[in-house]
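Here is the structure we will look at.
The values are calculated or read from the model by the stated rules, or taken from the named source; none is laboratory data. Remember, predicted model here, so these are calculated numbers, not experimental data. All Cβ positions, even for glycine, are placed from backbone atoms using ideal geometry, and neighbour counts span all protein chains on display. Surface areas here come from the heavy atoms of the whole protein model, side chains and all, with no ligands, DNA or RNA. Shrake-Rupley method; radii C 1.70, N 1.55, O 1.52, S 1.80 Å.
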Protein chains: 2
Amino acid sequence: MKLRINAPAGTPFIDTEREFDAPRELVHRAFLEPELIVQWLGPRKYRMTLDKWDARPGGEYRYVHGNDEGQFAFHGVFHSTDVDNIVQTFEFEAWPGHVSLEQIVIEDIGSGRSRVRGHSVYQSVADRDGMVESGMSEGMDDGYNRLEELLARLAHPVGATS
Amino acid sequence: MKLRINAPAGTPFIDTEREFDAPRELVHRAFLEPELIVQWLGPRKYRMTLDKWDARPGGEYRYVHGNDEGQFAFHGVFHSTDVDNIVQTFEFEAWPGHVSLEQIVIEDIGSGRSRVRGHSVYQSVADRDGMVESGMSEGMDDGYNRLEELLARLAHPVGATS
């Protein structure tokens with residue numbers, strides 16, 4: 001299933017949804033563990049470097065997406081990290097002072113599959129519109145395709161016998 | 001000047017504004033320092049107890065408002081603590097899973113006076129409406145009146161000669 005994005009006009013919300021062929025516990029780990037997050041978050045053309053990554057309530061994070069053409073840094077704090085309620089703030093450092101509140105809910109939909117629902121809220125409708133126009137959907141689609149590949153590798157390691 | 005509250009129908013926003021007869025640095029301290037915040041935040045009828053209070057980016061807070069009739073706990077994390085951009089998450093523990101993103105901007109309006117603007121955004125319009133209907137405006141008005149009294153005491157300590 002492809003990524004679905006819903007950003008109703010005139011609201012500060014972005015809702016996303018995508019299903020993955022992996023159990024929710026594994027998807028949860030992929031959102032929280034530093035050695036996993038760097039393997040999928042963001043566009044495929046960038047390398048992700050963690051400056052800070054402390055995925056617990058009150059923990060800070062800061063990361064950089066970059067390649068030879070440029071670098072893009074993001075930071076925020078985790079409010080909660082439960083499998084059905086990851087909540088964190090998010091700020092793009094090239095657009096300082098514009099903070100969003102991001103929520104991820106990971107649901108068990110049976111047969112070892114999961115649904116990931118994202119709910120983002122911005123401090124204004126203009127901020128939300130700016131994020132949509134920045135091409136976030138392409139970057140997010142790319143990232144979720146990489147997450148699907150990562151989850152397949154984790155579930156079926158190369159060389160494993162079963 | 002009394003507290004002004006603006007909560008447009010159909011939006012997840014609450015905007016507040018009030019002026020204080022104190023310099024912005026002093027108002028900033030009153031929002032961040034543990035020994036000051038407990039003297040003004042919330043309704044006058046409750047005592048405020050800090051469980052955690054770490055007012056820096058990535059710091060957690062948790063406090064309890066209470067009296068003989070009941071106790072109400074709140075928690076969140078600080079994203080930033082600048083005088084012109086305090087940003088923190090906020091969750092009422094009796095309403096778990098509903099998180100808001102709170103912003104406070106403290107402006108210097110001259111003559112040693114300050115304007116405090118609050119901008120809150122909720123995860124849904126229904127969440128925002130629920131907060132408005134809970135009587136937050138009365139509690140906030142009470143708290144800001146206490147803040148005015150605290151700032152006057154700090155600016156003109158009893159027994160001080162000038």
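Of all lysines in the structure, those lying under 30 Å Cα to Cα from B:K52, and not within fewer than 8 positions of it along the same chain, are A:K52.
Using a 10 angstrom Cβ neighbour count of at most 13 plus a DSSP loop assignment to flag exposed GluC sites (Glu not before Pro), which longest range of chain A is free of such sites? For GluC sites (Glu not before Pro) (loop position, at most 13 other Cβ atoms within 10 Å), the longest site-free span of chain A is A:94-162. Using C-alpha pairs under 8 Å with a sequence gap of at least 6, the mean separation divided by the residue count of chain B gives a relative contact order of 27 percent. Buried accessible area for the B:A pair, summed, 1.4 Å probe, in Å² rounded to 100? Summing both sides, the interface buries roughly 1800 Å². Based on C-alpha pairs under 8 angstrom that are at least 6 apart in sequence, region B:61-125 has a relative contact order of 21 percent. Ligands, DNA and RNA are left out, and with a 1.4 angstrom probe the accessible area of the protein assembly as shown is 49 Å² per residue.
Among the trypsin sites (Lys or Arg not before Pro) found in region A:33-71, those both in a DSSP coil and sparsely packed, with 12 or fewer other Cβ atoms within 10 Å of their Cβ, are A:R44, A:K45. Accessible surface of B:T81, taken over heavy atoms with a 1.4 Å probe and every protein chain present, rounds to 20 Å².
Placing a label point 7 Å from Cα along the Cα-to-Cβ direction at B:G66 gives distances to the equivalent points in the other copies of 4.9 nm, listed shortest first.
Ignoring ligands, DNA and RNA, please state the percent of accessible area on chain A from carbon and sulfur, probe 1.4 Å.
That share works out to 50 percent.
Its alpha carbons give chain A an Rg and a Dmax of 15.6, 53 Å. Note that region A:94-104 has calculated 3J(HN,Hα) couplings of 7, 9, x, x, 10, 10, 10, 10, 10, 10, 10 Hz, one per residue in order, obtained from phi through the Karplus relation 6.51 cos²θ - 1.76 cosθ + 1.60 (θ = phi - 60°); glycine and proline are x. Averaged over the residues of peptide A:71-77, the number of Cβ atoms from other protein chains lying within 10 Å of each residue's Cβ is 3. For A:N85, the residues whose modelled amide H falls within less than 5 Å of its own, excluding neighbours fewer than 5 places apart on the same chain, are A:I106. In plain terms, the chain from A:K52 to A:D129 could stretch by 24.9 nm, reckoned as 0.36 nm per residue minus the Cα-Cα distance.
If only the Cβ of Lys and Arg carry +1 and only the Cβ of Asp and Glu carry -1, the dipole of chain B around its Cα centre is close to 300 debye.
By the rule of a C-alpha distance below 20 Å, with chain neighbours fewer than 8 residues away ignored, the aspartates and glutamates paired with A:K45 are A:E35, A:D68, A:E69, A:E93, A:E133, A:E138, A:D141, A:D142, A:E148, A:E149. A straight line joining the Cα centroids of region B:74-116 and region A:106-149 runs 26 Å.
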